Amino acid sequence: MAYSDKIRGIYTGTLNEIKEKGIFKQERPIHSAQAADIEVEFPMGSDLKKVINMCANNYLGLSSHPDVIKAAHAGLDSRGYGMSSVRFICGTQDIHKELEAKVTKFLGTEDTILFPSCMDANAGVFEAILTADDVMISDRLVHASIIDGMRLCAALHDTFKHSDMAHLEEKLQLHADKRLKVVITDGVFSMDGDTAKLDEMVALCEKYDAMLFVDESHSSGFIGKTGRGTHEKCGVVGKIDIITTTFGKALGGASGGCVSGRKELVEMCRQKARPYLFSNTIAPVVVSGVNTVLDILSKSTERRDKLEKNTEFWRNGLAEAGFVLKEGDTPIVPVMLFNAKLSQDFSKALYEEGVYAIGFFFPVVPQGQARIRTQVSAGHEIHHLEKALEAFIKVGKKFDILGKTKQEIIAMYGN
Amino acid sequence: MAEMKDIVLQYVINEYLEDEDEVLSYDSPLISGGIVDSFSMVSLKRFLENKYKISIPDDKATPEAFDTVNKICALVNEYIK
């Protein structure tokens, strides 16, 4: 037997260490479709509980939208279940090309290439377009998938302090001798909910002859007046060289992602990006669903407008109740608790009150920055948010943190 | 040498410290102390090369050689002509 007691012991020991540190992750099975109201089994084996979901990336409430489900059924019937191939062998259907064209138009770019996920897009894009003669300069809070992608690339990697434009400019000057420079940022930062200063970044990139890369996973579909993303909000549509985004959040929530941008860079990905070359094509059922999502969003801004109103209601309600929030205007609203254990206890108490929201702590967020990350959806009605707010206030009173400053909360619970 | 130490120390403080109250000395462990990670060492090396017009071979730019301001300055001085 190759899997000896010694080998098993090594893994058991490591898993026990994770448990002792209090960072062991457990799944919570949902016995219903993704929506504002869900039925959850937590802990595993317990009775189902109806709760309001405040932690899904289902920003536009399209994950279970009847038109999207209908389109997915139609795609399944007409194009089958799977393609049993990567894209460039026999895995490209007409609907894949249709989706690439729709994304290009929606984002205002030159061309688009689909990937199995945005994680794959970020893992593959840098290695495909850069060499050891180049440099990647990234914001220090970019998503983990971007960090992995940069690790796979031979180009030099440097960072700038989060959203610090003066520091970014210093780095552009420091690396002026490099053949190609790429500045890398998230559009909306997933843990803090703040927005990149894309207008200033475009100006700096033009000044120093650098390309700009933006991950729009937490923005596509709802940020900007017509939901095109952070580049629309900042008035720089057409000026972002590389956009990556996901179809696994606002755009239907199933799976899949893409690289969209300058046509030469997209073509380099078709020739060289390993997750594109060596991983299966997106299933026809998903492609059909996303095609319809983009049709819905191109016809009307109703859903992103509702999300904006819901976000305002939620953020104002929490602020008036006396919670410490991260500033911003996106549907990601972090309620700051600072202490890791408090964030876990707070999340459990919310669940008892019928609200599902997760506590995040180090290493997912910086040390001493534990929080409950809440996410608003257009699938929420005001009565959902009112009930969730009542629960937050009740639990906030229980832990005596309402109206308290950061320093006061840390004095009570530590950080 | 004293001036170089202050320049390097100030660069490290400006570049890597998030907590304004943290105090660093010439002998504070930067890499082994978790202040500078392996990604960030790259910018420190490039800063030194640009500032002092030198080229530090990659095999000399080890985490040990970059672990304190004193060690960094000793390394830089080996390459200044």
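Candidates in the range B:9-28 are the residues that are loosely packed, with under 13 Cβ neighbours inside 10 Å and part of a loop (DSSP other than H, G, I, E, B); of these, the one that is farthest from the other protein chains (Cβ to nearest Cβ) is B:ASP27.
Inside the range A:354-386, can you point out the residues that are aromatic (Phe, Trp, Tyr) and within 23 Å of A:LEU48 (Cα to Cα)?
In the first step, residues of the range A:354-386 are kept if they are aromatic (Phe, Trp, Tyr); the result is A:356, A:360-362.
Matches in the range A:354-386: A:TYR356 only.
Restricting attention to the range A:271-292, the residues that are out of contact with any strand residue (DSSP E or B) (no Cβ under 7 Å at 6 or more places or on another chain), in a loop (DSSP other than H, G, I, E, B) and under 11 Å from A:GLY257 (Cβ atoms) total 0.
Inspection of the range B:62-81 finds no residue satisfying the criterion of being within 13 Å of chain A (Cβ to nearest Cβ), assigned to a loop (DSSP other than H, G, I, E, B) and touching a residue at least 12 places away in the same chain (Cβ under 8 Å). Considering only the range A:172-191, how many residues are touching a Ser or Thr at 6+ places or on another chain (Cβ under 9 Å) and either outside any helix (DSSP H, G or I) or modelled with pLDDT of 95 or more (or both)? Adding up the residues that qualify gives 12.
Scanning the range A:227-270 for residues that are under 19 Å from A:ALA210 (Cα atoms) and in a loop (DSSP other than H, G, I, E, B) returns A:CYS234, A:GLY235, A:VAL236, A:VAL237, A:GLY238, A:LYS239, A:ILE240, A:ASP241, A:ARG262. Does A:ASP199 count as in a loop (DSSP other than H, G, I, E, B) and not assigned by TED's automatic domain parsing to the domain that holds A:ILE332? Here the answer is no, as A:ASP199 does not meet what is asked. Could you tell me whether A:GLU206 is more than 14 Å from chain B (Cβ to nearest Cβ), in contact with a helix residue (DSSP H, G or I) (Cβ under 6 Å, 6 or more places away or on another chain) and acidic (Asp, Glu)? So A:GLU206 does not fit the description; no. Do we find that A:PHE126 is assigned by TED's automatic domain parsing to the domain that holds A:GLY248, surrounded by 22 or more Cβ atoms within 10 Å (Cβ to Cβ), of a type in the set (Phe, Trp, Tyr) and in contact (Cβ under 8 Å) with a residue 60 or more places away in the chain in this structure? Spelling it out, it is not the case that A:PHE126 is assigned by TED's automatic domain parsing to the domain that holds A:GLY248, surrounded by 22 or more Cβ atoms within 10 Å (Cβ to Cβ), of a type in the set (Phe, Trp, Tyr) and in contact (Cβ under 8 Å) with a residue 60 or more places away in the chain.
How many residues are part of a strand (DSSP E or B) and of a type outside the set (Lys, Arg) when one looks only at the range A:44-100?
From the range A:44-100, those part of a strand (DSSP E or B) are A:48-53; that's our starting set.
Pick out the ones that are also of a type outside the set (Lys, Arg) and you get A:48, A:51-53.
Summing the residues that are part of a strand (DSSP E or B) and of a type outside the set (Lys, Arg) in the range A:44-100 gives 4.
Considering (1) touching a helix residue (DSSP H, G or I) at 6+ places or on another chain (Cβ under 7 Å); (2) farther than 30 Å from A:VAL266 by Cα; (3) modelled with pLDDT of 95 or more; (4) not β-branched (Val, Ile, Thr), the lone condition that A:ALA35 does not fulfil carries the number (1).
Do we have A:VAL364 as of a type in the set (Val, Ile, Thr) and either in contact with a helix residue (DSSP H, G or I) (Cβ under 7 Å, 6 or more places away or on another chain) or without any contact (Cβ under 8 Å) to a residue 60 or more places away in the chain (or both) here? So A:VAL364 does not fit the description; no.
Quick one: would you say B:SER38 is within 13 Å of chain A (Cβ to nearest Cβ) and in contact with a strand residue (DSSP E or B) (Cβ under 7 Å, 6 or more places away or on another chain)? Criteria not met by B:SER38.
Is it the case that A:ALA378 is under 17 Å from A:THR311 (Cα atoms) and either surrounded by 19 or more Cβ atoms within 10 Å (Cβ to Cβ) or touching a strand residue (DSSP E or B) at 6+ places or on another chain (Cβ under 7 Å) (or both)? The answer is yes for A:ALA378. The set of residues in the range A:146-174 being more than 9 Å from every other protein chain (Cβ to nearest Cβ), farther than 25 Å from A:GLU327 by Cβ and buried (at least 20 other Cβ atoms within 10 Å of the Cβ) consists of A:GLY149, A:CYS153, A:ALA155, A:LEU172.
The values are calculated or read from the model by the stated rules, or taken from the named source; none is laboratory data. Nothing here was measured: the structure is a model prediction, and the numbers come from that model. Because the Cβ atoms are built from the backbone with ideal geometry, glycine has one as well, and the counts that use them run over all protein chains shown.
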